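Visitor: Just dropping this structure here.
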Amino acid sequence: MMRITIIGGGASGTLLAINLIRNSGGEPIEVNMIESRQNTGRGVAYSTGHDRHLLNVPAGKMSAFPDEPGHFFEWLKAKGHNFNESDFVPRKLYGDYLSELLHETAENHGAFAKFNLIADEAVDIIPDRTTAEVVLRSGNRIASDRVVLAFGNAAPPHPSVPDLSFTSSPKYVRDVWNASAYGNITPDDNVLIIGTGLSMIDTAIRLHSAGHRGSIMAISTRGMLPQVHELGHTYPDLTSELAGLTRITDMLKTVRRHIRLADSNGGNWRGVIDSLRPVTQQLWRQLPDAEKRYFMQHLSRYWNSARHRMPPAAADTIAGMIDRGELRITKGRLKEIRESEGRFTIYVSLLGRMESIHADAILNCIAAEANFARHESTLVQNLIAAGVIRCDGLALGLDALPNGAIIGKTGERSQVIFTLGTALKGILWETTAIPEIRMQAGRLATELLSQTTAQ
Ligand SMILES: Cc1cc2nc3c(=O)[nH]c(=O)nc-3n(C[C@H](O)[C@H](O)[C@H](O)COP(=O)(O)OP(=O)(O)OC[C@H]3O[C@@H](n4cnc5c(N)ncnc54)[C@H](O)[C@@H]3O)c2cc1C
């Protein structure tokens, strides 16, 4: 019997487990899922219990299965929710959907698929050529034929300032998704949010719904907010024009030309950007590393703002907060943060001028740490030290083949250890959201199951 151990029970691990169990075709299989959080299927994104933390993808595009596009929407209807397919629904519902689907699938296929959910933390993997042993914090070990690293989003780095002693303050919140961390923030606190992306949007909305009265300032080097979704814009496939281009500036020129064309024909840039989604991985892979670095340094913030858009309801709340002076978005570079007697003084370079800002609380909405060498996870550190995993050439994720097979320090591909989702960012770029993760989960399950039959 094939024993597959999945480390991480967020959306990636859950979708993989569901596909493995559903598609095992009656072959006996054991799927062990190790998750250190309380709930499976939720991970960082879908653990929020807040009603106004919405999916940033419409419900009609969030099915667990690419070949059953209405699956999530039908589930919502069956649960009595009165949404349209184009609605951006609360993320907690998606967590409910995935965890229910996993448990239902495990129950229905229990005759041949043994599913074990293990509430523990994986701290090491000891591989040999054809199997591996996964070591848990509790001291237990799980013998495995295949191991899948589905450990998703790491904690964000601290702000890049020389003295980090302020981080020990209870009014510095590193994990903004941990609702209990807000217990230290009072409604009259002046709050500085570091970051102006989607996490900042959710954090500002959480403060707003809690009746926050103090000022809120959000800062990032470009001060750019995510763009707003507007559904219904489509654009023809540009693949043939972009195929073979190996310079990012040539790609950019082509895309800009089409955006102008879309505009002049009554269309919209969103249609052009969305038309690139199915081929983004292919375009990324055809670029040399130097071009990818150029993109990261000069263009990625613009791409992220256009590609990772916020739902209109979130945009309305944020616009209202800005109009009423409750939220200020600032472009600046943090230079130093000091804490004294419970207050922070933040030194910022604003358009080349040094200024100091005072805040009672600091909320970290910097994106998750991408560089695995800096991850604080015991598992990641042990695997890097043993050479089982290594960072990809851009340090955006792990080195791996596009199918997820891990490449370790020797440069050899592992036959036993695989990954999916965020860890493949350097290899695929477009790999962190459900539409891509569900494809990867389906394909990886098929590949692992074909190895079962070959054994
Ligand atoms: C706030 C937020 C909102 C998002 N909204 C959307 C959206 O609306 N639509 C969309 O398509 N995408 C969205 N995303 C993208 C999101 O990353 C993916 O949709 C998806 O949730 C990623 O899941 P994951 O399992 O890869 O990672 P995670 O959600 O990070 O889950 C990984 C899990 O692994 C566990 N884990 C890690 N290491 C270990 C270990 N050593 N031992 C045991 N357990 C371990 C963690 O506890 C965690 O639960 C959002 C992301 C964020 C952060």
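The values are calculated or read from the model by the stated rules, or taken from the named source; none is laboratory data. None of these values were measured; they are calculated from a predicted model. Counting neighbours? That spans all protein chains shown, and the Cβs are built from the backbone with ideal geometry, glycine included.
Visitor: From the list ILE406, ILE346, ILE357, ILE362, which one is within 16 Å of the ligand (Cβ to nearest atom) and touching a strand residue (DSSP E or B) at 6+ places or on another chain (Cβ under 6 Å)?
Guide: Matching residue, one of ILE406, ILE346, ILE357, ILE362: ILE406.
Visitor: Same structure, new question: Are there strands (runs of 3 or more DSSP E) fully within the stretch 126-214 with at least 2 residues that are assigned by TED's automatic domain parsing to the domain that holds LEU449? List them. Talk me through it step by step, then tell me what you get.
Guide: Values: elements: 132-136, 141-144, 146-149, 191-194.
Answer list for the stretch 126-214: 132-136, 141-144, 146-149.
Visitor: Pick from the stretch 372-384 the residues that are free of Cβ contacts under 8 Å to residues at least 40 places away in the same chain and touching a strand residue (DSSP E or B) at 6+ places or on another chain (Cβ under 9 Å): which of them is farthest from ILE125 (Cα to Cα)?
Guide: This residue is ALA373.
Visitor: Only one of GLU341, GLU369 is charged (D, E, K, R) and in contact (Cβ under 8 Å) with a residue 12 or more places away in the chain. Can you tell me which?
Guide: Checking each option against the conditions leaves just GLU369.
Visitor: So GLU104 fits all but one of (1) closer than 24 Å to GLY10 by Cβ; (2) surrounded by 13 or more Cβ atoms within 10 Å (Cβ to Cβ); what number is the exception?
Guide: Against the list (1) closer than 24 Å to GLY10 by Cβ; (2) surrounded by 13 or more Cβ atoms within 10 Å (Cβ to Cβ), GLU104 comes up short only on (2).
Visitor: Considering each of LEU225, LEU252, LEU261, LEU299 in turn, give the residue that is closer than 17 Å to THR196 by Cα and assigned to a helix (DSSP H, G or I).
Guide: Only one candidate passes the filter, namely LEU299.
Visitor: Taking the stretch 39-98 as the search range and keeping residues that are surrounded by 14 or more Cβ atoms within 10 Å (Cβ to Cβ) and polar (S, T, N, Q), which one is nearest to the ligand (Cβ to nearest atom)?
Guide: Only one residue tops the list, namely ASN56.
Visitor: Another one. Kindly evaluate THR40 against the criterion of being in a loop (DSSP other than H, G, I, E, B), touching an Asp or Glu at 6+ places or on another chain (Cβ under 8 Å) and either closer than 19 Å to GLY404 by Cα or assigned by TED's automatic domain parsing to the domain that holds THR378 (or both).
Guide: So THR40 fails the test.
Visitor: What single numbered condition from (1) surrounded by 13 or more Cβ atoms within 10 Å (Cβ to Cβ); (2) touching a residue at least 60 places away in the same chain (Cβ under 8 Å); (3) not hydroxyl-bearing (Ser, Thr, Tyr) fails to hold for LEU350?
Guide: (2)
Visitor: Scan (1) under 15 Å from THR330 (Cβ atoms); (2) buried (at least 16 other Cβ atoms within 10 Å of the Cβ) for the single condition GLY223 breaks and write down its number.
Guide: Of (1) under 15 Å from THR330 (Cβ atoms); (2) buried (at least 16 other Cβ atoms within 10 Å of the Cβ), only one is false for GLY223: (2).
Visitor: Further question: Output the residues belonging to the stretch 52-111 that are of a type in the set (Ser, Thr, Tyr) and in a helix (DSSP H, G or I).
Guide: Result: TYR94, TYR97, SER99, THR105.
Visitor: Still on this structure, please answer the following. Within the stretch 1-14, count every residue that is buried (at least 18 other Cβ atoms within 10 Å of the Cβ) and more than 8 Å from the ligand (Cβ to nearest atom). Spell out the reasoning first.
Guide: Going through the stretch 1-14, the residues buried (at least 18 other Cβ atoms within 10 Å of the Cβ) turn out to be 2-14.
Cutting the leftovers down to more than 8 Å from the ligand (Cβ to nearest atom) gives us 2-6.
Residues meeting the conditions: 5.
Visitor: Check ALA113, ALA150, ALA155 and return the single one that is within 16 Å of the ligand (Cβ to nearest atom), buried (at least 20 other Cβ atoms within 10 Å of the Cβ) and touching a residue at least 60 places away in the same chain (Cβ under 8 Å). Give the steps one after another, and end with the answer.
Guide: On the way: ALA113 fails: within 16 Å of the ligand (Cβ to nearest atom); ALA155 fails: buried (at least 20 other Cβ atoms within 10 Å of the Cβ).
That would be ALA150, the only listed residue that is within 16 Å of the ligand (Cβ to nearest atom), buried (at least 20 other Cβ atoms within 10 Å of the Cβ) and touching a residue at least 60 places away in the same chain (Cβ under 8 Å).
Visitor: Which of the residues that make up the stretch 239-257 are in contact with an Asp or Glu (Cβ under 8 Å, 6 or more places away or on another chain) and closer than 17 Å to ALA306 by Cα?
Guide: Result: ILE248, THR254.
Visitor: Please go through (1) in contact with an Asp or Glu (Cβ under 6 Å, 6 or more places away or on another chain); (2) not assigned by TED's automatic domain parsing to the domain that holds ASN190 for ILE389 and return the number of the only condition it doesn't satisfy.
Guide: Just one mismatch for ILE389, condition (1).
Visitor: Still on this structure, please answer the following. Tally time: how many residues in the stretch 237-248 are in contact (Cβ under 8 Å) with a residue 12 or more places away in the chain and loosely packed, with under 13 Cβ neighbours inside 10 Å?
Guide: The total comes to 4.
Visitor: Return the pairs, sorted by first residue and then second, in which the second residue is basic (Lys, Arg), the first residue lies in the stretch 57-71 and is under 18 Å from LEU102 (Cα atoms), the beta carbons are less than 7 Å apart, and the residues are 6+ apart or on different chains.
Guide: Close Cβ pairs satisfying both conditions: ALA64/ARG438; PHE65/ARG438; PRO66/ARG438.
Visitor: Across the stretch 372-390, what is the number of residues that are closer than 18 Å to PRO157 by Cα and part of a loop (DSSP other than H, G, I, E, B)?
Guide: Adding up the residues that qualify gives 3.
Visitor: Mind listing whichever residues of the stretch 222-253 are modelled with pLDDT of 95 or more and β-branched (Val, Ile, Thr)?
Guide: Of everything in the stretch 222-253, those that are modelled with pLDDT of 95 or more and β-branched (Val, Ile, Thr) turn out to be VAL228, THR246, ILE248, THR249.
Visitor: Could you give me the residue pairs with C-beta distances under 8 Å whose first residue belongs to the stretch 76-91 and is closer than 20 Å to HIS229 by Cβ, whose second residue is within 16 Å of the ligand (Cβ to nearest atom) and among the basic types (Lys, Arg) wherever it lies, and which are 6+ apart or on separate chains?
Guide: Every condition considered, the pairs that remain are PRO90/ARG52.
Visitor: While we're here: Could you list, in sequence order, all residues of the stretch 121-140 that are within 12 Å of the ligand (Cβ to nearest atom) and either in contact with a strand residue (DSSP E or B) (Cβ under 8 Å, 6 or more places away or on another chain) or not polar (S, T, N, Q) (or both)? Break it down into steps so the answer makes sense when it comes.
Guide: Of all residues in the stretch 121-140, those within 12 Å of the ligand (Cβ to nearest atom) come to 121-125, 134-138.
Scanning the stretch 121-140 gives GLU121, ALA122, VAL123, ASP124, ILE125, VAL134, VAL135, LEU136, ARG137.
Visitor: Any idea which of (1) crowded, with 16+ Cβ neighbours inside 10 Å; (2) in contact with a helix residue (DSSP H, G or I) (Cβ under 6 Å, 6 or more places away or on another chain); (3) modelled with pLDDT of 95 or more is the one HIS212 doesn't satisfy?
Guide: Result: HIS212 fails condition (2) only.
Visitor: Failed condition for ARG213, given (1) within 21 Å of the chain's Cα centre (by Cα); (2) among the charged types (D, E, K, R); (3) under 30 Å from SER356 (Cα atoms), with all others met?
Guide: For ARG213, the failing item is (1).
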